[in-house]
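Here's the structure we're looking at; comments come further down.
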Amino acid sequence: MGAPLYHLALAAEWERARAAGAYDRSTIGRSLAEEGFIHCSFASQVPATADRFYRGRDDVVLLRIDPDLLDADVRVEEVPGAGEAFPHLYGPLPVGAVAWARPVPLDGDGGLDLSGLLDG
């Protein structure tokens, strides 16, 4: 796949994953087991996802994922109503496939300040 993938995680869930060796949350309030995959984004998709689902949260960590280090399939799939295709990881995310995890501060309007965190 080559291009990095991104996932917005809640800090406490990421800390649990680091201790366990794998991350198994799909999105806010949903596990991999419940959803069937982990929601990911390409760099250009992260700001809209952050604004739509994570606005006002001060406990968000951005994970940068190296797709070449994943054991499970990544499928780029259309999301109903989104008008674009997103990468979905069909298995747990090994902590070792995460190049870095960085806390995302809030900007003055309650949005996530992703300045300097995303590759083009």
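The values are calculated or read from the model by the stated rules, or taken from the named source; none is laboratory data. Not measured: the values here are computed from a predicted model. All Cβ positions, even for glycine, are placed from backbone atoms using ideal geometry, and neighbour counts span all protein chains on display.
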Could you check, for segment 76-90, whether at least one of its residues is buried (at least 16 other Cβ atoms within 10 Å of the Cβ), over 14 Å from Leu10 (Cα atoms) and in contact (Cβ under 8 Å) with a residue 60 or more places away in the chain? yes
Whichever residue in segment 92-103 is over 12 Å from the mean Cα position of the chain (by Cα) and closer than 22 Å to Phe53 by Cα and, among such residues, is surrounded by the most Cβ atoms within 10 Å (Cβ to Cβ): Pro92
Name every residue in segment 47-73 that is among the acidic types (Asp, Glu), surrounded by 14 or more Cβ atoms within 10 Å (Cβ to Cβ) and out of contact with any strand residue (DSSP E or B) (no Cβ under 6 Å at 6 or more places or on another chain), in order of residue number. Asp51
Among (1) at pLDDT 95 or above; (2) among the charged types (D, E, K, R); (3) over 19 Å from Glu13 (Cβ atoms), the one test that Asp107 misses: (1)
Which members of segment 1-45 meet the condition of being within 12 Å of Pro87 (Cα to Cα), in a helix (DSSP H, G or I) and of a type in the set (A, V, I, L, M)? Ala43
From (1) touching a residue at least 60 places away in the same chain (Cβ under 8 Å); (2) in contact with a Gly (Cβ under 7 Å, 6 or more places away or on another chain), pick out the condition that doesn't hold for Asp71. (1)
Check off (1) without any contact (Cβ under 8 Å) to a residue 12 or more places away in the chain; (2) within 20 Å of Glu84 (Cβ to Cβ); (3) basic (Lys, Arg) for Arg55 and give me the number that stays unchecked. (1)
